[in-house]
Amino acid sequence: MSPAPLLQFEQVTFGYPRSGGFPRNGGLPHAEGLPHAGGFTQDNGSSRSRDLPHAGGLPTASPAVLQDFDLPVGQGTVTAILGPNGAGKTTLLHLALGWLKPQRGRILLEQRPLGDYARRELGQWMALVPQSEHVPFEYSLLEFTLLGRAPHLAPLAMPTAEDERIALDALRQVGMDGLRWRSMPYLSGGERQLVLVARALAQQPRLLLLDEPTSHLDLGNKRGLIRLLHDLAERGVTVVFTTHEPEIAAALATHLVLMRDGQVLRTGPLEEVFTSPGLSELYR
């Protein structure tokens, strides 16, 4: 008998409201204890994931982004969500984080409904590397990376020497420790992407979510990130990333999901799904 998935989407349907609805933070809501543009918010560990507006069914004026979506993610796997722009890949990650709530279906983390987790607990469980993020303050790279330690701190507590060591090690893993005192606004797009990865590593997540993680990287840094994610998987971290680049999925993933228009076309081990017929169906 195969083990239960670490993360499970079961018959999930989600569509954005036509108007009103979600709080704005770069266009997206966020859950406390998880990363967002201004850093982290904290709670006392007893509150549950923010209840975002939803109804029993989809608003009639809003088409579904995901429709009856099923996806199991196994412990220790590297799962690539491959699909064209507008396929629903980013929405899938925000649902997994608890930032968005499905209108139908459920999402399980270690066989527990996602809504049963406290916000700080989710922040200790998983981390997100977004495609991009507005940073409104002139954090140094070290200060920004230290934001990843927030879910592990008591409310209003300051980072300790151990937190700083973890943040410096995260910067070292992405090759940015030599620039630790540089200000975030003065980074290139690729450097900023690497620091977003470092902040996620500083969270020490068991589940790492990445949204188009190679989109701003040159060839050398793409290779370095692929090596790093392979190393994390070997250490037991479960990795889920979105991409529209088939070559990145082939180089990194153990499992592949082909996704278009909110639907899974094919899913399974990379060698079974990464085929000419499958890619032709995806990009026809």
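The values are calculated or read from the model by the stated rules, or taken from the named source; none is laboratory data. Predicted model only: the values in this text are computed from it and were never measured. Cβ coordinates were reconstructed from backbone atoms using ideal geometry, including for glycine residues, and neighbour counts include every protein chain displayed.
Quick notes
- Of all residues in the stretch 153-176, those satisfying the criterion of being within 22 Å of LEU194 (Cβ to Cβ) and either modelled with pLDDT of 95 or more or assigned to a helix (DSSP H, G or I) (or both) are ASP163, GLU164, ARG165, ILE166, ALA167, LEU168, ASP169, ALA170, LEU171, ARG172, GLN173.
- Subset of the stretch 245-261 [outside any strand (DSSP E or B) and charged (D, E, K, R)]: GLU245, GLU247, ASP261
- Within the stretch 98-120, residues that are more than 18 Å from LEU209 (Cβ to Cβ) reach partners that are in a loop (DSSP other than H, G, I, E, B) and acidic (Asp, Glu) with beta carbons closer than 8 Å, at six or more positions or on different chains, in the pairs ALA118/ASP43.
- Of all the listed residues (PRO185, PRO136), the sole one being part of a loop (DSSP other than H, G, I, E, B), of a type outside the set (Ser, Thr, Tyr), over 23 Å from LYS89 (Cα atoms) and in contact (Cβ under 8 Å) with a residue 12 or more places away in the chain is PRO136.
- Screening the stretch 123-142 for residues that are buried (at least 24 other Cβ atoms within 10 Å of the Cβ) and in contact with a Gly (Cβ under 8 Å, 6 or more places away or on another chain) and picking the one that is modelled with the lowest pLDDT gives GLY123.
- Per-region count, the stretch 227-256, residues out of contact with any helix residue (DSSP H, G or I) (no Cβ under 9 Å at 6 or more places or on another chain) and under 17 Å from LEU194 (Cβ atoms): 1
Let's see how each residue does on (1) surrounded by fewer than 18 Cβ atoms within 10 Å (Cβ to Cβ); (2) not charged (D, E, K, R):
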{"residue": "ARG149", "(1), (2)": "no, no"}
{"residue": "ALA157", "(1), (2)": "yes, yes"}
{"residue": "THR160", "(1), (2)": "yes, yes"}
{"residue": "ASP163", "(1), (2)": "no, no"}
{"residue": "LEU171", "(1), (2)": "no, yes"}
{"residue": "TYR186", "(1), (2)": "yes, yes"}
{"residue": "GLY189", "(1), (2)": "yes, yes"}
